[in-house]
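Here the structure is laid out as structure tokens; the discussion comes afterwards.
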Amino acid sequence: MRNYLIRRILQMIPLLIGVALVTFLVLNLVGDPFAQYALNPRIKPEDIARMKHAWGFDLPIHLRFFKWFWSMLTGNWGVSIFSGGRPVAELVKNSLLWTLKFTVASFILAFIVAVPIGIYSAIHQYSILDYFFTGFAFFGMSMPTFWFSFILLMIFGVRLKWLPIGGVMTPGLESAPFLVRLLDQTKYFILPVVVLAFNTMGGWMRYSRSSMLEVIRQDYVRTARAKGLSERVVIYKHALRNALIPIITLLGIAIPGLISGAMITETVFGIPGMGRLTLNAMLNNDYPLAMVTLLLESYLLIFGNLFADILYAVVDPRIKYT
Amino acid sequence: MAISQEYESELTTYKAETYWQIVFKRLKKHKLAIISLVLLIIIILACLIGPFFVKYHYNDMSNYDPDNPFVGEYKPPSKYHLFGTDELGRDTLSRILYGGRISLFVGFASVFSAIIIGVFVGAISGYYGGILDTLLMRFTDIMFSIPVMPLLVVLATIIPGGGVWKIILVITIFGWMTDARLVRGVYLSLKEQEFTEAARAIGASNSRIIWKHLLPNSMAPIIVSSTLGVGGNIIYEASLSYLGFGIMPPTPSWGNMLQNAQSAMFNAPWLIWFPGIAIFITVLAFNFLGDGLRDALDPRLKL
Amino acid sequence: MKDDILVQTKDLQTFFYTDEGVVRAVDGVDIKISVGETLGLVGESGCGKSVTSLSIMRLIPWPPGKIVGGEIWFKGEDILKKSEEEMRRIRGSQISMIFQEPMTSLNPVFTVGYQISEAVLVHQDVTEEEAKKRAIEMLDLVGIPDPEKRYNEYPHQMSGGMRQRVMIAMALSCNPDLLISDEATTALDVTIQAQILELMKDLKRKIGMAILLITHNLSVIAEMADNVAVMYSGKIVEYSDIKTIFKSPQHPYTYGLLSSIPLVTKKRVKGQKLPIIEGVVPNPYHLPTGCYFNPRCPYSTKICREEDPKIEEIAPGHFVKCWNYLKPGMGV
Amino acid sequence: MSEPLVSVKNLKKYFPIHGGVLGGVIAHVKAVDDVSFDIYEGETLGLVGESGSGKTTIGKTILMLYPPTSGDINFQGTLINKLKGEELRRLRRNFQIIFQDPYGSLNPRMPISEIIGEPLVVHNIYKTRKEILDRVVEVMELVGLRPEYINRYPHEFSGGQRQRIGIARAIILNPKFVVCDEPVSALDVSIQSQVINLLNDLQEKLNLTYLFIAHDMAVIRHMSDRIVVLYLGRVMEIAVNDELFDSPLHPYTQALLSSVPIPDPEIKKERAVLQGDIPSPINPPSGCVFHTRCPVAMPVCRELIPEQREIKKDHFVSCHAVK
């Protein structure tokens, strides 16, 4: 187990560097981002020169990469000109907080809804409810996130006016008591969280279902029955314990989808999160900022996967001893 | 020797169905997959032929006509414009049919090119193993570690142009890794099978084994993943277009038709409904078909 | 004698309903096992021997399988009439089963000790402490060294032979009246198989349970069984005590099987052919008319091709399902 | 006996195991460890052993399907372990293999005409398609397959027939030497004898030399002229058929023979059951690999690897206890 963990963490290092390299290359090899800055009358030439130096643009490309990577690691992320010279770290911190808040919420929602349903479907394969849930799962998988958001907004925001149609909080509530703010926040988050969860749920249901179906076929489930255990114990103890092991990998698998989905959901609902930040950075050709956000999102994904793998090793006794 | 002629006919003749007959027979039992297949054929035909039969060109902006309240901008569905008109008074139906061509083409073409790259990388990696495999797979891991949507947006920005081919290129750049991993996995397991060893034992060359023995045996998962992939890519195209990084107007695609729709939510909901439904139904059909194919091609069902 | 009967199946029929058609996996099987008897059930793959045993356990998975006819009497009661709850109390305590694949038959996420004590806990009114003690006792009984330590190990830490011992320990932990062994030694190496066979003999002497021994290996049958039933395509074709079967088999299939297996004790004559049974086992979806064995039978006559024979008692305790048994010219 | 057709000298095959913190090689599976034997033209050499004995690995390494870790494989005067690429491919027509698994050894997407005929295509033996098909039909008849089935796919055949297809593929190039890797162990009892007879028949007709690998002592006895007994990747004993079965010298061979059940209820034999498990080939015991289970083990067995000695004529034993 210890070896497994150390190996797993060591394997991550080239990945971290590689992702940084790709991010760096993609956003640098295309051209000089400062060429576009120069066209902008709002930016002073000396600012450009200062930034060129700060980002190492006066260095050869490989040295520039190391300089950049080092400044990334040390948290020295610079300032974003298009956001009025605010420090990138501050922009990212705020955005990351919003993104985490609502992705984690939808992650939990998706997990607690999808996994039990998937398990249920497997146990009652070919029952009416199984068909219903299968349909539901495909529905979720096939629905473009933004379109689904539109529909929900049209129904709950425009027609019924139950929920706000965008933003993250009602203006003027910044200093209200905590509970009031929480309630307010919940109101704003319901739609985006549901949309994002809905999008992930379908895949999870199918995955949990097939994982459980796979386990039910195994010899040891027959052994458990032959022992005289009740069907409940056979399913919920012997089978489920095994089925949950691959389901844990979902934690890792789900993160890319969540990050991608979050980008769209944030845009539709006007949540100032990481996705929106990346998007705006790209729209404004603010490459230094985009590089930070892209790198951070990738690292989020890599660490999420690491977490899932560790959890996997904890639950599966077969990994402990290798 | 061994078997006397008299009895043999009774002993041996199983039904002589080919692999694809068996697969199709299994697929037929999957009602939703068959319905989806039919539906997809209809959708594809409609998009291909449809534009020749509709009254309006997709870019026609019908002029204001004081005598006809159904013609003009933001008109709801009527017998003149079955799916209504958009902010410029263009016929939504015509745009959906034409946009379908674009969306479907993007879906198919990017899946196709991703498969070419993915199969090549996966096959080489899985068959030869060693350093080559390690390098290719580490690169795949890296590509996998960058979240798709942000990467798409970045790629769409830095690659110049706004056409269909650019979007296909962009989707291909991130899309090949799934196929590569898939094919590699299949090759790794097939490589251990005795029929691969048998091919080596008779003296078959590596390239013969890779392309003639192993590739046909990895078709099943590739077919399933591409079917699901077409649907997925249609959604990616739509999402990119919605974010403003996709197919650029005036060329219609299902995605960019929805681009301005958010602001039309209050007064022209049909502009949201129709393109969305087109995407949804098409993707749903691809997903059902892919699921049916997965069951029909399941390698665990012994042949 | 009659009162000694522990298990008896009467005209048992278990069918599988698949897309290609109905497979009559077990089609009218009558076997009986007395208290303390070892019955060998022998046949090739697909002949229905495993389905017979799973039917007795009532563990046929539906869909696609189903017991569609017949009776299974266990200790004077028809277990096909029992409720699932009553049946559950029989499984693992009065009838136990061990399977072919020791590598996959144990649950990978629980310790072997836990899996044994679980069997004790469901069937006996004991505390967890006592169940654990019993499990360790059982591990010791089946010859696993250092049982206290092994109790806490996971299946993947054990070899195939050890896992099969664990399976036996689990099966015998509640002192069953009948142990069903479904090809339990087939996957094992020959020196390990010898260990397990010796263990089973030894335990049988100590515990006195009856055994239904299912195998395709005639040598294992010869070593272990008191009586033998030979199955072919879902039916019993010959049934007798062990010596009669091996000395004077009456069914051409039994005879063919016995004479076609190479013997470790027989001197080699280079170029000498083994007697063979021609052809292959019939496709279960397209069974031949008449006697199922007739296309492969060297003694097949017109009636064999037209009508399926009934099983007959040709001598006390010796049953044969064949039109031509002991007929002149059969050469058996 | 004349010059050997195949001569194996000090063959070793270790498979690396990756693991540890850096995922490097942490150990080896010593599948074959210092094995030497000869195979003479026209004979059947039986190779017998339990799982982990390395018998299949030996068979496949001799054919260079796995590159040996060390040692020499001499085929008719050519050290084939020294050959590379094209040279080796050319020579492959002389030695072939029949596999254990009749399901896994045939490509499910190829009709059997292509499966059986592929060696001809690969080695450019016949030019036209008709010539190839004629030869395929000829071989199919030889192994007892009806030529009408030539365009069918493997899934349409039963296990025994598939094994015949595999045999046809192996003999179509008229090889001199065939490795039979447990060719009957996956088959039903009634089919085993058919395939055994077929193999004997073909050996006679085509003058084949067999390396016959099996774990079933009875099948080995029926098939082999001479027998090599393996345990944990090492040779325990080599002897002529009757000699080995009538007077086995190595304690392992004795135990192995005594473990085999006999299909005769009259014989209630007292068997010497070997205690304990087969050790893992990853970390085999020191000295004689059998000493952990050996009933006559001495202190020296733990220390020294016994040499392979010719105790009687053509009877080799690797054991300290055998005098």
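Values computed for the structure shown
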{"read-out": "Cβ-based net charge around D:L187, under 14 Å, with every Lys or Arg adding one and every Asp or Glu removing one", "value": "-4"}
{"read-out": "Selection from C:Q195, C:Y17, C:L257 lying farthest towards where the dipole of chain C points positive, charges on Cβ", "value": "C:L257"}
{"read-out": "Lys, Arg +1 and Asp, Glu -1 on Cβ, resulting dipole of region B:100-278 about Cα centre, debye, nearest 20", "value": "220 debye"}
{"read-out": "Where trypsin sites (Lys or Arg not before Pro) in DSSP loops with at most 10 other Cβ within 10 Å are excluded, longest remaining stretch of chain A", "value": "A:162-322"}
{"read-out": "Cα-derived Rg to Rh of region D:135-243, Kirkwood definition", "value": "1.00"}
{"read-out": "Helix-only CD estimate at 222 nm, as mean residue ellipticity for chain C, using -39500 (n - 2.57) per DSSP H run (n ≥ 4)", "value": "-9000 deg cm²/dmol"}
{"read-out": "Table column - 3J(HN,Hα) (Hz), region B:145-160, Karplus curve with 6.51, -1.76, 1.60, x for Gly and Pro", "value": "7, 9, x, 4, 4, x, 5, 4, 4, 4, 4, 5, 6, 7, 7, x"}
{"read-out": "Dipole of region D:235-323, positive direction: furthest Cα of D:M298, D:H315, D:C288, with charges on the beta-carbon", "value": "D:M298"}
{"read-out": "Number of partner chain Cβ atoms within 10 Å, mean per residue of C:211-221", "value": "2"}
{"read-out": "log₁₀ of I(q)/I(0) at q = 0.08 Å⁻¹ - chain A, Debye sum with one point per alpha carbon", "value": "-0.50"}
{"read-out": "Distance (nanometres) between label positions extended 7 Å along Cα→Cβ at C:Q157 and D:K323", "value": "4.5 nm"}
{"read-out": "Chain C: angle of helix C:128-141 to the longest principal axis, Cα-based, in degrees nearest 10", "value": "50 degrees"}
{"read-out": "Cβ-placed point charges (K, R +1; D, E -1), dipole of the protein assembly as shown about Cα centre in debye, nearest 20", "value": "1760 debye"}
{"read-out": "Diffusion coefficient, µm² s⁻¹, Stokes-Einstein with Kirkwood Rh over alpha-carbon pairs of region C:183-260 at 25 °C and 0.890 mPa s", "value": "181 µm²/s"}
{"read-out": "Per residue, the convex hull volume that the Cα atoms of region D:235-323 enclose (Å³)", "value": "114 Å³"}
{"read-out": "Gaussian network model of chain A, Cα within-10 Å springs - most flexible of A:M263, A:M169, A:M205", "value": "A:M169"}
{"read-out": "More than 18 angstrom apart: percent of Cα pairs within region C:237-287", "value": "47 percent"}
{"read-out": "Which listed pairs, of A:K237/C:K149; A:K101/A:K237; C:K206/C:K247; C:K149/D:K268; A:K227/C:K310; C:K49/C:K247, have C-alpha distances above 27 Å, in listed order", "value": "A:K101/A:K237; C:K206/C:K247; C:K149/D:K268; A:K227/C:K310"}
{"read-out": "Set of aspartates and glutamates with alpha-carbon distance to C:K243 below 13 Å, sequence-local pairs under 8 removed", "value": "C:E223, C:D226, D:D264, D:E266"}
{"read-out": "Debye equation applied to the C-alpha atoms of region B:121-251, log10 I(q)/I(0) at 0.11, 0.16, 0.18, 0.22 Å⁻¹", "value": "-0.50, -0.85, -0.97, -1.21"}
{"read-out": "Pairwise centroid distance, computed over Cα atoms, of region B:74-122 with region D:53-77, Å", "value": "60 Å"}
{"read-out": "With eigenvalues of the C-alpha gyration tensor scaled by 5 and rooted, the protein assembly as shown, Å", "value": "63, 36, 33"}
{"read-out": "Principal axes of region B:177-224: Cα extent on each, largest first, Å", "value": "33, 16, 16"}
{"read-out": "Cα-Cα separations in chain B greater than 31 Å, expressed as whole percent", "value": "44 percent"}
{"read-out": "Per residue convex hull volume, Cα atoms of region A:186-282, in Å³", "value": "104 Å³"}
{"read-out": "Percent of beta bridges antiparallel (DSSP, the protein assembly as shown, rounded to nearest 5)", "value": "65 percent"}
{"read-out": "Within chain D, helix-based [θ] at 222 nm, where runs of 4 or more DSSP H residues each add -39,500 (n - 2.57), nearest 500", "value": "-9000 deg cm²/dmol"}
{"read-out": "Region D:6-224 - Debye-derived log10 I(q)/I(0), Cα point model, q = 0.14 Å⁻¹", "value": "-0.90"}
{"read-out": "Pairs of Cα atoms farther than 13 Å apart, region D:171-219, %", "value": "58 percent"}
{"read-out": "Neighbour cut-off at most 16 other Cβ (10 Å), DSSP loop, chymotrypsin sites (Phe, Trp or Tyr not before Pro), region A:121-191", "value": "A:Y126, A:W162"}
{"read-out": "Percent breakdown of C-alpha pair distances by 5 Å bin, ordered from the shortest bin, for region C:36-158", "value": "2, 9, 15, 18, 18, 16, 13, 7, 2, 0"}
{"read-out": "Those GluC sites (Glu not before Pro) in region C:87-139 that DSSP places in a loop and that have at most 15 other beta carbons within 10 Å", "value": "none"}
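FYI, it's all coordinate maths here, none of it is from the lab. Keep in mind that what you see is a predicted model, and the values were worked out from it rather than measured. Cβ coordinates were reconstructed from backbone atoms using ideal geometry, including for glycine residues, and neighbour counts include every protein chain displayed.
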